[in-house]
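Just below is one structure, and these are the notes that go with it.
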Amino acid sequence: MMAATVDFVEADNAEAIISRIEHKSRKIESLLKQSRPVEALKTALEGSPPNTRDERCKSANWIVVHRAIMAIKDLDALFSSLDPEYYDILMKYLYRGLSTGDRPTCDQCLRIHERLTERAGLGCILRSLADTMNTV
Amino acid sequence: MAAVAVHQFAPCITCHAWSPDRSMVAFCPNNSEVHIYKLSEDKWEQAHILQKHDQIVSGIDWSSRANRIVTVSHDRNSYVWNYEGSEWVPTLVILRLNRAALCVQWSPQENKFAVGSGAKTVCICYYEQENNWWVSKLIRKRHNSSVTSVAWHPNNILLATTSTDGKCRVFSTFIKGVDTRDSKAGSSSDSKFGEQILQLDLSFSWAFGVNWSPSGNTLAYVGHSSTIYFVDDVGPSPLAQNVAFRDLPLRDVLFISEKVVIGVGFDCNPMVFAADESGMWYLCQIPWGEEDVINWSQVWFAVF
C-alpha cells in the first residue's frame, strides 16, 4: 500500500547519498571482477535516488549504472534473472544513456532497450517518459 | 477477446452516451453535432441530429430517469436537451467558462450535472425552478490544469475530478435548496460547496478517467504513465494501490461491479482489472464467452 504523497530528499542529505553511491560502486567493481554483471546491474539500480532534485546525486548514480550497463554481454542471462521491479528504473537509465550521444553507450543502450521493450511492453517506456518528477 | 457486435457509425467519435434502455446511443462524430442512432431489428438507424454547438462536442451524458441529455462542447457552452413530442429541444446553460468544456456527468439524482473544463474549473449546474433555467456554480480553486474527467459519488454530493496536473481530487458540491443535509451521513454533508475533501497525488503524469465503485467505497483513475490507481475506503485514511501494466495508457475506466473495473485507452483493447478476496487489484485476462452477462454501458472508440 502506498502513501498518497511523495517526499523529496533535501540537498543536505546529498552528501549521505553520494557516499552511499561510492560504497555501491566498490561493491559493483567487485561483482564485475567475479563476472557477475547481472548482480552488478541490480546493485547499481537498487536505491537509485530519484527522490532528489540534486543533480550531483543523479550524475553520481548514473556513472555507476553506466559502468554496470556497459559490462553486460549476455542479454539472455540478463533478462532471465532481472526481476520485473527493476524494469521501469532500468528503462529510465537507458534513455539517459541514449541521450548522451556517445556511440558505444548508445549502441549498448539500444540493444538492451529492444529486449526490455519486448519484456516490459510499451507501458514501461511510457512510465519513463511521463514521469517528470522522479527523473534520473 | 472478441467483440460482441461492431458498428461503424463514423470515422471518428469523440464522446457518446447510451439511452436509459440502451436502445439508442448518442455520440459526436468529431464535429459540432450530436447524432442519435436507434437500434431496430439488429440495424442501427439515425433517429435525430442535435445541432446547436459551434465546436466539437466533448461530453454527452443521458440521464436515466428524466431522459434528458446534457452536452458540452469546446465552444464553452452546454445544452440540456429535453425530448418533447418527437424532437429534442435544447436549453442553453451559461457555464461562465473562458476555456473549452471537456467532460460532463449527471449526478445520481439527476438534479445536478458537473462539467470539467480547460479553464481549471469545474461547473456544478442545477435547475432553478423560479427562473426556469440552469445555474452554474464554479469550483475555481485547487486545480492547476485542465479538468479531464468528473465522477459523482452515489450520495449526490461528493464529486471526484482528475486533471492534467496529475492529481485526483474529491470535492463537496453541497448546494442549499438542492441537496438536503443528511444527519446520518457524517462528514460529506457537513462540507461547504467547493470544499476539497481529499487530494490524491499518486500519479506523476496526467490523470484521466475517474470512476466510483457502485457503493462509493472505492475510486479508480488512470495516469498517463500506463498505470491505474485504486483507492479503497476513500476518506481520511485511504488505501491506495498502483497497478502498472505493459500496454499503452488508459483513458477511461468503469466499475462494472464492486470488484471489477474495465479500462479503455490507447491500446485499442479493453483491459479488465479485478480485486481478489484480500482487496488486492490486479490485471486479469478473462476469455470472454457468450455466457458472460456483462452490461456494456461504455465503449470507447479511439480517436485515430
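The values are calculated or read from the model by the stated rules, or taken from the named source; none is laboratory data. Just so you know, these numbers come straight off a predicted model, no measurement behind them. A quick note on method: Cβ atoms are made from the backbone with ideal geometry, for glycine too, and the neighbour counts reach across all protein chains shown.
Some notes on this structure:
- Test: residue in the range A:57-79 that is under 23 Å from B:S226 (Cβ atoms) and within 13 Å of chain B (Cβ to nearest Cβ): no
- Being part of a helix (DSSP H, G or I) and within 19 Å of A:S25 (Cβ to Cβ) holds for only one residue in A:I112, A:I69, and it is A:I69.
Table: residues versus (1) assigned to a loop (DSSP other than H, G, I, E, B); (2) in contact with a helix residue (DSSP H, G or I) (Cβ under 9 Å, 6 or more places away or on another chain).
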| position | (1), (2) |
| --- | --- |
| B:S145 | yes, no |
| B:S149 | no, no |
| B:F204 | yes, yes |
| B:A220 | no, no |
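- Hits in the range A:125-136 (condition: touching a Phe, Trp or Tyr at 6+ places or on another chain (Cβ under 8 Å) and at the interface with chain B (Cβ under 7 Å from one of its Cβ atoms)): A:A130, A:D131, A:T132, A:M133, A:N134
- Candidates A:L122, A:L98: the one that is out of contact with any Cys (no Cβ under 9 Å at 6 or more places or on another chain), closer than 27 Å to B:S203 by Cα and aliphatic (A, V, I, L, M) is A:L122.
- Meets criteria (out of contact with any Asp or Glu (no Cβ under 6 Å at 6 or more places or on another chain), of a type in the set (V, I, T) and within 14 Å of chain B (Cβ to nearest Cβ)) for A:T117: yes
Conditions (1) crowded, with 18+ Cβ neighbours inside 10 Å; (2) in contact (Cβ under 8 Å) with a residue 24 or more places away in the chain, marked per residue:
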{"site": "B:V80", "(1), (2)": "yes, yes"}
{"site": "B:Y83", "(1), (2)": "no, no"}
{"site": "B:S86", "(1), (2)": "no, no"}
{"site": "B:I94", "(1), (2)": "no, yes"}
{"site": "B:I124", "(1), (2)": "yes, yes"}
{"site": "B:N131", "(1), (2)": "no, no"}
{"site": "B:N144", "(1), (2)": "no, yes"}
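- A single entry from B:D247, B:D276, B:D232 fulfils the requirement of being in contact with a Ser or Thr (Cβ under 7 Å, 6 or more places away or on another chain), modelled with pLDDT of 85 or more and over 26 Å from B:P108 (Cα atoms): B:D247.
- Residue in the range A:37-53 that is among the basic types (K, R), out of contact with any helix residue (DSSP H, G or I) (no Cβ under 7 Å at 6 or more places or on another chain), outside any loop (DSSP other than H, G, I, E, B) and modelled with pLDDT of 90 or more present: no
- Among the residues listed as B:V272, B:V264, B:V243, the single one being part of a strand (DSSP E or B), out of contact with any Cys (no Cβ under 8 Å at 6 or more places or on another chain) and either more than 14 Å from chain A (Cβ to nearest Cβ) or of a type in the set (G, A, S) (or both): B:V264
- Count of the range B:14-53 residues which are over 24 Å from B:V89 (Cβ atoms) and in contact (Cβ under 8 Å) with a residue 40 or more places away in the chain: 1
- If you go through the range B:1-51 and pick out every residue that is among the hydrophobic types (A, V, I, L, M, F, W, C), closer than 20 Å to B:D252 by Cα and not in a loop (DSSP other than H, G, I, E, B), you end up with 7.
- Of the residues making up the range B:129-143, those that are within 19 Å of the chain's Cα centre (by Cα) and not charged (D, E, K, R) are B:S136, B:L138, B:I139, B:H143.
- If the condition is being among the aromatic types (F, W, Y) and under 20 Å from the mean Cα position of the chain (by Cα), then the range B:19-50 contributes only B:F27.
- Every condition in (1) modelled with pLDDT under 90; (2) crowded, with 17+ Cβ neighbours inside 10 Å is met by B:A207 except one, and the failing one is (1).
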